[in-house]
Amino acid sequence: MTQFSKAQVRLAIFAMAIGSFAIGIGEFVIMGLLPDVATDFNTDTRTTGHLISLYALGVVIGAPLITILFARFPRKPMLLILLFVFAIGNFASASADNYFLLQVLRFLTGLPHGAYFGIACLVAADMVRRNQRGMAVTMVMMGLTIAILVGNPLATWLGQLIDWRTVYHTVGALGLVALVMIALVVPQHPNEQKTSARGEMRALQNPQVWLTLAIGAIGFGGMFAVLSYIAPTLINATGLAPHWIPIALLIYGIGSLAGSLVGGWAADRSLKLTIGGSLIWSAVVLGVFPFTLESVWSVMPMVLLLGSAAALVPALQVRLMDVAGEAQTLAASLNHSAFNAANALGAWLGGLAIVSPLSWQGTGWVGCGLSLAGLLLFWVTKKHSRKTPDIISL
């Protein structure tokens, strides 16, 4: 393994984390601004929630498609291209003059998301020792976590203060800042593993890859069933004023930061306990959530605990690195497709729950069910890995 200095590693991870920060705001800020966008385009909250699912669908489609089509392309230039497309997509979203165009643009802006995270995580993991991969991945993803912790509450406040279009202009500018930083400080790995479209697609023949992806797509969907509608839930069910939404997102971000750090640390010690424990914890938190909506004093601690579900993310990323063989880039990108499939699935099922007799409390019940389904998939994955001699067992 090529040795990089600690300064090189830290600067490279910081630059890529800035890109994660921009993408994190671009993905999640819509959840706090759904009422504002709905008012602007004269749509209802549930219909505007489709913007969440369309962006997530772009991630799901874009990650494998871009990874396979550009398999032979060097990683650093690929990161720059992906950030450029992301930035342009956000600038265009800010200028959309009708709801249909905004839907199309959110889908297109989601296309580079998964490939960026997959490639960035691999670049970081290749710069450190094997037993440091979990924390390296966590630090790249820390940009996403800080976006949830600080960026999204501030962006939501900015959107409420000025308008939601200003937020997307800002996200586009952050994407360009990250592009310049990566160009300056991320080294080109001299021993970067060369691959091909055919080699990357071998990952699709591995049942362990599919099972691991399914855990993320279904198990993490529970969190998104609640988070996607957190703003209208707190306004309509708890009776909070809109100025509480940035505060709630900040509290969620604190939980997400803690969960990410614990998850990265734990993943370097036991993937089995980290994945299984995260899913059990999520199911418990989501199952209790509906009982806490009556008061701000009970619901806000649950919002904090909801964020801690982020502990699952680095563990699944490392697991995919273990089982993907030569198809590292595709597998790493598909992990973010899986989490955005969770985003789309959670937002869709959560929307159905809201208009059902379960009403706003239903998002928590749906979320709990999805987490338990993810736990069942984890059990199947663990059993299958023990029967496959050439796969690292869970």
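The values are calculated or read from the model by the stated rules, or taken from the named source; none is laboratory data. Every value quoted in this text rests on a predicted model; they were computed, and no experiment measured them. Cβ: placed from backbone, ideal geometry, glycine included. Neighbour counts: every protein chain shown.
Can you confirm whether SER270 is out of contact with any Lys or Arg (no Cβ under 9 Å at 6 or more places or on another chain), touching a residue at least 24 places away in the same chain (Cβ under 8 Å), closer than 21 Å to ILE215 by Cβ and among the small types (Gly, Ala, Ser)? Explain how you work it out, then say what you get.
Numbers: out of contact with any Lys or Arg (no Cβ under 9 Å at 6 or more places or on another chain): yes; touching a residue at least 24 places away in the same chain (Cβ under 8 Å): no; closer than 21 Å to ILE215 by Cβ: yes; among the small types (Gly, Ala, Ser): yes.
Spelling it out, it is not the case that SER270 is out of contact with any Lys or Arg (no Cβ under 9 Å at 6 or more places or on another chain), touching a residue at least 24 places away in the same chain (Cβ under 8 Å), closer than 21 Å to ILE215 by Cβ and among the small types (Gly, Ala, Ser).
Show me the helices (runs of 4 or more DSSP H) found entirely inside region 42-118 where at least 2 residues are surrounded by 24 or more Cβ atoms within 10 Å (Cβ to Cβ). Show your work before the answer.
On the way: elements: 45-48, 50-69, 75-94.
So the answer is 50-69, 75-94.
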Inset, instruction - Confirm whether GLY172 is in a helix (DSSP H, G or I), among the small types (Gly, Ala, Ser) and at pLDDT below 85. - result: no
Inset, instruction - Kindly check whether there is at least one residue in region 270-282 that is at pLDDT 90 or above, out of contact with any Ser or Thr (no Cβ under 7 Å at 6 or more places or on another chain), under 20 Å from LEU234 (Cβ atoms) and surrounded by fewer than 21 Cβ atoms within 10 Å (Cβ to Cβ). - result: no
Inset, instruction - Look at VAL366 and say whether it is over 23 Å from LEU65 (Cβ atoms), in a helix (DSSP H, G or I), β-branched (Val, Ile, Thr) and under 20 Å from the mean Cα position of the chain (by Cα). - result: yes
Legend entry - Matching residues, region 260-283, being over 17 Å from TRP379 (Cβ atoms) and either in contact with an Asp or Glu (Cβ under 6 Å, 6 or more places away or on another chain) or not aromatic (Phe, Trp, Tyr) (or both): SER260, LEU261, VAL262, GLY263, GLY264, ALA266, ALA267, ASP268, ARG269
Inset, instruction - Select, from LEU179, LEU161, the only residue that is under 21 Å from the mean Cα position of the chain (by Cα) and among the aliphatic types (A, V, I, L, M). - result: LEU179
Inset, instruction - Of the conditions (1) touching a Gly at 6+ places or on another chain (Cβ under 9 Å); (2) within 26 Å of ILE245 (Cβ to Cβ); (3) at pLDDT below 90; (4) not aromatic (Phe, Trp, Tyr), THR39 clears all except one; give me its number. - result: (1)
Inset, instruction - Among the residues of region 121-134, count how many are under 13 Å from VAL313 (Cβ atoms) and of a type in the set (A, V, I, L, M, F, W, C). - result: 1
Legend entry - Check on LEU34, in a helix (DSSP H, G or I) and crowded, with 24+ Cβ neighbours inside 10 Å: yes
Inset, instruction - Tally the residues that are free of Cβ contacts under 8 Å to residues at least 24 places away in the same chain, in a helix (DSSP H, G or I) and within 20 Å of ALA173 (Cβ to Cβ), restricting the search to region 128-162. - result: 2
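Of all residues being β-branched (Val, Ile, Thr) and at pLDDT 90 or above in region 85-144, which is farthest from TRP164 (Cα to Cα)? Just the residue, please.
By that ranking, first place goes to VAL85.
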Legend entry - Residues of region 2-56 classified as over 15 Å from the mean Cα position of the chain (by Cα) and either of a type in the set (Ser, Thr, Tyr) or at positive phi (or both), total: 8
Legend entry - Scan of region 1-54 for residues that are in contact (Cβ under 8 Å) with a residue 24 or more places away in the chain and among the basic types (Lys, Arg), ordered by number: ARG46
Legend entry - Filter result for GLY151 (at pLDDT below 85 and either under 18 Å from the mean Cα position of the chain (by Cα) or within 20 Å of PHE91 (Cα to Cα) (or both)): yes
